[in-house]
Amino acid sequence: MKTNHTIIASGLLIGIGAIAITLQAAAGPGEHTGTSASTTRPVAAETRPVLPPADGPLERARLDSMLQAAERLRPLSSLLVWHRGELVAERYYGGMRADRTVNVKSVSKTLLNPLVGIAIRDGMIDGVDTPLRRLLPDLYARLDRSAADDPRKDDIRLRDLLDMGSGLETTSFGNYGAWVASSDWGWDQLRRPMECEPGDCYQYSTGVTHLLGMAIAEATGRDLRSYAQEVLFEPLDIPLPAWDRGPQGYYLGGNNMSMRPRDLLKIGVLYLDLGRYDGRQLLPETWIEQSWRPVFRSPWNGMGYGHLWWASDWGGEVVHSAWGYGGQFLVVVPRLDLAVVATSSLARTERGHNRRMRHFFDRYVIPAFQPVAGAVGP
């Protein structure tokens, strides 16, 4: 049975041995134009010692190689690694500190996943096959009176929002600016033309996750931020800073949440522990298993996608990740009992950084924690 890794607000309380570490005093994933300089940078003073996954020169060499590769990623601002119940590496770069928050951009989308699972568990939403029309009746009433009505929109289900398979034209990428500038974010997404039948094609869209956030708010009778704070962030001792709201007052579902890297790591450990935290089952184990089954494959990066989680094969391992613009990552590797947070400075972002980050995970991070052939251990 997997060890329950307890995390507390004052730091990370590591299950066995109760080792406490005290806390010290932005539209979808994509590339961004910038300078291409890639130089090795000194690590910020506020770091944690790196602990090898097992004793031995080969393990140490692999960890050293990972950290050296991290220093060559100029926009990188933090790297935190949780392995087998321990925070084995914590590094900050470019002036970043442990107590500072980071705009995690579209990692925010994945953070809606547990809220849906909890709402279904508590009977506030019937299930992922619930029609969107039932969850957002006022918006659909407006649709019925408009020229944007399309009978296929009646077939959009909650699962289609979770999987980015609504069929609606995207509001991300080239459409993001116009969508954010619109007077009604939910309506601007729903009014857009259908590009396929719901469930038949993948179309990544921040507007779709905003519809999902609206649906959660309507189903629970709470604004999205208050509900998230009550059922997820407070139980995990995560303070939730300011959160963008749309013109109608709905909190933005799917972008621009700010979190400390250590708090984002708590989400990864929660999923590693299959929804358990501090002796409580915060999230149904079956929901996590369901969420980690990819439904679509992205045509622009080849990664799988389902229920707001990316799926990939990095380092020969099955990897589940949350990914945000500019190089914000939460990576979970169940077989290795591994969770990693990497954040990047939007001010220092550069063309190709997302590609280099994926390469970093594939060639350096995952291999650093794979068992050494012939080694004895768990």
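Scanning the stretch 152-173 for residues that are farther than 10 Å from residue 206 by Cα and at pLDDT below 95 gives no hits.
Do we find that residue 269 is of a type in the set (Val, Ile, Thr) and either in a loop (DSSP other than H, G, I, E, B) or over 23 Å from residue 160 (Cα atoms) (or both) in this structure?
Values: of a type in the set (Val, Ile, Thr): yes; either in a loop (DSSP other than H, G, I, E, B) or over 23 Å from residue 160 (Cα atoms) (or both): yes.
In short, yes.
State whether one or more residues within the stretch 123-134 are touching a strand residue (DSSP E or B) at 6+ places or on another chain (Cβ under 7 Å), in the same structural domain as residue 264 (by TED's automatic domain parsing) and either under 23 Å from residue 259 (Cβ atoms) or at pLDDT 90 or above (or both). No, the stretch 123-134 contains no residue that is touching a strand residue (DSSP E or B) at 6+ places or on another chain (Cβ under 7 Å), in the same structural domain as residue 264 (by TED's automatic domain parsing) and either under 23 Å from residue 259 (Cβ atoms) or at pLDDT 90 or above (or both). Among the residues of the stretch 156-183, those identified as touching a Lys or Arg at 6+ places or on another chain (Cβ under 9 Å) and surrounded by fewer than 19 Cβ atoms within 10 Å (Cβ to Cβ) are 169, 175. Considering the conditions (1) farther than 30 Å from residue 166 by Cα; (2) surrounded by 23 or more Cβ atoms within 10 Å (Cβ to Cβ); (3) in contact with a strand residue (DSSP E or B) (Cβ under 6 Å, 6 or more places away or on another chain), residue 362 is excluded by exactly one of them, (2). Against the test of being in contact with a His (Cβ under 7 Å, 6 or more places away or on another chain) and either surrounded by 17 or more Cβ atoms within 10 Å (Cβ to Cβ) or assigned by TED's automatic domain parsing to the domain that holds residue 160 (or both), the options 312, 291 yield a single qualifying residue, 291.
When the stretch 227-266 is filtered for residues that are among the hydrophobic types (A, V, I, L, M, F, W, C), assigned to a loop (DSSP other than H, G, I, E, B) and under 30 Å from residue 138 (Cα atoms), the ones remaining, listed by number, are 240, 242, 243, 252, 257.
Collect the residues in the stretch 76-134 that are more than 16 Å from residue 343 (Cβ to Cβ) and part of a strand (DSSP E or B), keeping them in residue-number order. Of everything in the stretch 76-134, those that are more than 16 Å from residue 343 (Cβ to Cβ) and part of a strand (DSSP E or B) turn out to be 83, 86, 88, 131. Screening the stretch 323-356 for residues that are over 12 Å from the mean Cα position of the chain (by Cα) and among the β-branched types (Val, Ile, Thr) and picking the one that is modelled with the highest pLDDT gives 333.
The values are calculated or read from the model by the stated rules, or taken from the named source; none is laboratory data. Nothing here was measured: the structure is a model prediction, and the numbers come from that model. Because the Cβ atoms are built from the backbone with ideal geometry, glycine has one as well, and the counts that use them run over all protein chains shown.
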